[in-house]
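Enquirer: Quick one: the structure is below, questions incoming.
The values are calculated or read from the model by the stated rules, or taken from the named source; none is laboratory data. Please read these numbers as outputs of a predicted model, since none were measured by experiment. Cβ: placed from backbone, ideal geometry, glycine included. Neighbour counts: every protein chain shown.
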Amino acid sequence: MKIRGLILAFLLTLGLPSFGQQEPSTPTVSQDNLSAASNASETSVPDLTPGPDGKLSQEQMRQLLRVVADKDMENDKRQRDYTYIDREVQNKLDGKGQTKSTEVKTYEVLAIYGEPVQRLIEKDDKPLDAHEAAKEEEKIQKIIDKRKNESDEDRRKREEKQVKEREDGRKFVREIADAYDFKLVGTEEVGGRPAWVIDGEPRPGFEPHMKESKFLSKFHGRVWIDKSDLQLAKMDIEAIDTVSVGWVLARIHKGTRVMLEQTRVNDEVWLPRHLTFKVDARVALFKGYNLDGDQEYRDYRKFRTSAKIVGMGEVKNQP
């Protein structure tokens, strides 16, 4: 998923789709207990029988959202088996919020050695010229060659880094459990499927344990959880205060917003369908970013992981 630039990358890597919940009065839990609870939730589904009032209790919501968090991480592994088309529209805005210019780029996202790689195929809905297309193929071929010629040591380091990133992501999800108060709003249909609607608001007094978690109090949001698969079907995240990243090298302003909708594919995986965003930010106190846009994802195809990748031409022809 690409809205490049600092802002959306920052928002999406925060991990907000994996909302967890914990009641404010719940005592602090040790990291060992959190890991044990995480492993247990991967194989167990909480009791979701509504109470006499027809609603889920706070404890049921807590368990539900932690299961959703684990399922989201499992789903991420299956996403890597798919190639797809990503069409991105980005509008640059003036001070009054009017569009100054529009840029449209379409990418083919390939699965190369288990990792997604973008290949630009269109600009403003027109195919690339021969020179630009050749540059894109050269870029992809370099990635293929690098992976083919990777040493055992480099592969080990890369895999260890990936494991660490996944574990950090899991820890971050557990931080979210302390950072927010959650409320079950009701039930709506997303893509023709019933989903729980849950709001999350920053919890007063939250003390982060990870450096990334200090930004959580600056955002609130709403998620839609598919009732059958317990997967994230939709999310809407908004900055409610200015966020300073680094030594004031970048600022994300109040009102920056990201909305994502996902869809079920091949009865096995949830994949992005549509994403919209509005970004108001400034980098290094000089360059401002005031833009909005959307991304549409289509033509999902499962990549044959057993296929042999030997060159760009063969990559493009793989189902």
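Enquirer: Name the one entry in GLU59, GLU103 that is in contact with a strand residue (DSSP E or B) (Cβ under 9 Å, 6 or more places away or on another chain) and among the charged types (D, E, K, R).
Expert: None of the other options fit; the residue is GLU103.
Enquirer: Just one of the numbered conditions (1) modelled with pLDDT of 90 or more; (2) over 23 Å from ILE85 (Cα atoms) is not true of MET235; which one?
Expert: Condition not satisfied by MET235: (2).
Enquirer: Do we have any residue at all in the range 150-172 that's within 23 Å of ARG257 (Cβ to Cβ) and hydrophobic (A, V, I, L, M, F, W, C)?
Expert: yes
Enquirer: Where the second residue is among the hydrophobic types (A, V, I, L, M, F, W, C) and at pLDDT 75 or above and the first is under 19 Å from ASP76 (Cα atoms) and lies in the range 167-191, which pairs have Cβ atoms under 7 Å and are six or more apart or on separate chains?
Expert: GLY169/MET73; ARG170/MET73; LYS171/MET210; PHE172/MET210; VAL173/ALA69; ILE176/LEU216
Enquirer: Counting only residues that are part of a strand (DSSP E or B) and either more than 16 Å from the chain's Cα centre (by Cα) or of a type in the set (S, T, N, Q) (or both), how many does the range 264-277 have?
Expert: Of the residues in that region, 2 qualify.
Enquirer: Another question about this same structure. Working carefully through the options SER35, SER18, SER44, find the one that is crowded, with 20+ Cβ neighbours inside 10 Å and modelled with pLDDT under 70.
Expert: Within the list SER35, SER18, SER44, the selection yields SER18.
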